[in-house]
Amino acid sequence: AGNAFGFIMKYEGLEFPDAVRKLAGYYSMEVPEDRSPAKIKAREKARTLTDYMGEAAAFYTEQLRRNAEASDYLKNRCISAATAAKFGLGYSPDDWHPLQTLFGEKYSDRALEECGLVNVRNDRRYDAFRGRIMFPIRNAKGLVIGFGARTMNGDEQPKYLNSPETPIYHKGSELYGYFEGREAIYGKGRAIVCEGYMDVISMHQAGIDTAVCACGTALTPEQVRLISEYADEVILSYDSDEAGQKATLRSLELFRNSPVKVGVLQIPGAKDPDEYIKKYGAERFKALLDGVGNALDFRLGRLRSQYDLKQDAQRLEYVKEAVEMLAERSNPTEQEVYAGRLAEETNISKTAIMAQLADAVKKAGSKRRREQNRARLQEGEMNQIKVPYSAGRGALGMASAE
């Protein structure tokens, strides 16, 4: 299904304009471009910035090869040389101006500030990253557009420094590991979203090559859209601490209107995927992935942990909250299954829970219709109709009909 453009977009991991340019290049066809001075200047600047970032990435990779402490750090984290090469890992020397040896006179170029490689304070220029393991962030074309930089000293804060927003790097639109894993994601139809760079690297090294993570920020709707274009299933694999569990809930909301199937991985006996793989091995982690629970399991589990089911009042409150959740977030088949589970957990008859659920479903439906009506009132002609409060309850229906 689809066409040549869609094929190139998915096979090469390209956006539509780039797929058009690539196909045009095959057949020596000219692609009409916006040739306004502003657009030409923006394209030239983007080329300059990506060139600088690529040169810096190569420099950091070479410095990693030369620095025994940095190499030993990666070995102690069980990262192989092959994996380090796959992700282009590097090391920024612990000095103020090592990039000057690379860029020479160009070290004064303001473009180095714009792409986040050089900082300026009191008219003094210095390297933004010093004495850290470097994680290049690549776009879908494989061009380096940003960096994550991790301290090797466990006590140093912040643990990670990240490139700022730049003309070529928009954090909310990029995923770390996406370039390295895009073909596997498309081929397997599944993506694993985790919390950090090391989690992504550990999973890829363990043969789980569909792992990605957000770049120094929480997951965004743009990243959800990107994942949804290439995957039919997404597994959220965040840290097991409270912050990670809250991040899971936020991500579930973002995927709520996405067509992909969403699962949530619980990681027993470890803080994150990286730690679990090191402690128990890749095969046990893959077994966890195969037995992953769905979003409802996760939500109900979080809800259950807030109540003591030995106390009648809390048990009834838990059932009330769980029933409301099922009414809003599940289909009739799921409601039948989870009502049975609730009955077993709380020692309340399934018949009673189903009756309560039927009422909750009606209320949830009425609530959705009210929200839809309110949304309609903000659209098009409806937004121009002013209904006085004194007009009474029928005024909304009259306005809608009008």
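Would you please name the residue that is farthest from K10 (Cα to Cα), looking only at residues in region 228-238 that are open to solvent by 10 Å² or more (accessible area, probe 1.4 Å) and either free of Cβ contacts under 8 Å to residues at least 60 places away in the same chain or among the aliphatic types (A, V, I, L, M) (or both)?
Y238
One residue is enough: does region 74-89 have a residue meeting the conditions part of a strand (DSSP E or B) and either more than 19 Å from L161 (Cα to Cα) or not hydroxyl-bearing (S, T, Y) (or both)?
No, region 74-89 contains no residue that is part of a strand (DSSP E or B) and either more than 19 Å from L161 (Cα to Cα) or not hydroxyl-bearing (S, T, Y) (or both).
Among the numbered criteria (1) assigned to a loop (DSSP other than H, G, I, E, B); (2) farther than 27 Å from G88 by Cα; (3) hydrophobic (A, V, I, L, M, F, W, C), which one does F5 miss?
The failed condition is (1).
Among the strands (runs of 3 or more DSSP E) lying completely within region 121-193, list those that include at least 3 residues that are buried (at least 21 other Cβ atoms within 10 Å of the Cβ).
Answer list for region 121-193: 132-138, 144-151.
Table: residues versus (1) of a type in the set (D, E); (2) in contact (Cβ under 8 Å) with a residue 24 or more places away in the chain.
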{"residue": "T166", "(1), (2)": "no, yes"}
{"residue": "Y178", "(1), (2)": "no, yes"}
{"residue": "A218", "(1), (2)": "no, yes"}
{"residue": "D241", "(1), (2)": "yes, yes"}
{"residue": "K246", "(1), (2)": "no, no"}
{"residue": "S258", "(1), (2)": "no, yes"}
{"residue": "G263", "(1), (2)": "no, yes"}
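Is it fair to say A295 is surrounded by fewer than 19 Cβ atoms within 10 Å (Cβ to Cβ) and of a type in the set (G, A, S)?
The answer is no for A295.
Does A24 satisfy being open to solvent by less than 20 Å² (accessible area, probe 1.4 Å), modelled with pLDDT under 95 and part of a helix (DSSP H, G or I)?
yes
Looking at region 53-72, is at least one residue surrounded by 12 or more Cβ atoms within 10 Å (Cβ to Cβ), at pLDDT 95 or above and in a loop (DSSP other than H, G, I, E, B)?
Yes, some residue in region 53-72 is surrounded by 12 or more Cβ atoms within 10 Å (Cβ to Cβ), at pLDDT 95 or above and in a loop (DSSP other than H, G, I, E, B).
Out of region 73-101, which residues are farther than 23 Å from E113 by Cβ, aromatic (F, W, Y) and surrounded by fewer than 19 Cβ atoms within 10 Å (Cβ to Cβ)?
Passing the criteria: only Y73.
Which condition number in (1) over 15 Å from I192 (Cα atoms); (2) out of contact with any Asp or Glu (no Cβ under 9 Å at 6 or more places or on another chain); (3) open to solvent by 20 Å² or more (accessible area, probe 1.4 Å); (4) touching a residue at least 12 places away in the same chain (Cβ under 8 Å) is the one that A270 fails?
So A270 meets the others, but not (3).
So if I check each of V212, V234, V193, which one is under 10 Å from the mean Cα position of the chain (by Cα) and farther than 21 Å from V144 by Cβ?
Exactly one residue qualifies, and that residue is V193.
Could you grab me the full set of residues in region 195-210 that are at pLDDT 95 or above and open to solvent by less than 40 Å² (accessible area, probe 1.4 Å)?
Selection gives Y197, M198, D199, V200, I201, S202, M203, H204, A206, I208, T210.
For region 93-104, state whether one or more residues are in a strand (DSSP E or B) and in contact with a strand residue (DSSP E or B) (Cβ under 6 Å, 6 or more places away or on another chain).
Checking region 93-104: not a single residue is in a strand (DSSP E or B) and in contact with a strand residue (DSSP E or B) (Cβ under 6 Å, 6 or more places away or on another chain).
Out of (1) under 30 Å from L74 (Cβ atoms); (2) surrounded by fewer than 15 Cβ atoms within 10 Å (Cβ to Cβ); (3) out of contact with any Phe, Trp or Tyr (no Cβ under 9 Å at 6 or more places or on another chain), the odd one out for Y280 is which?
(2)
So which pairs qualify, if the first residue must be in region 35-51 and in contact (Cβ under 8 Å) with a residue 60 or more places away in the chain and part of a helix (DSSP H, G or I), the second must be among the acidic types (D, E) and surrounded by 13 or more Cβ atoms within 10 Å (Cβ to Cβ), the Cβ gap must be under 8 Å, and the two must be at least 6 apart or on different chains?
Here the result reads K45/E114; L49/E114, each pair linking region 35-51 to a residue that is among the acidic types (D, E) and surrounded by 13 or more Cβ atoms within 10 Å (Cβ to Cβ).
The values are calculated or read from the model by the stated rules, or taken from the named source; none is laboratory data. The shown structure was predicted, so the numbers you read here are calculated from the model rather than taken from an experiment. Cβ coordinates were reconstructed from backbone atoms using ideal geometry, including for glycine residues, and neighbour counts include every protein chain displayed. These accessible areas exclude ligands, DNA and RNA; they are computed on the full protein's heavy atoms, side chains included. Shrake-Rupley method; radii C 1.70, N 1.55, O 1.52, S 1.80 Å.
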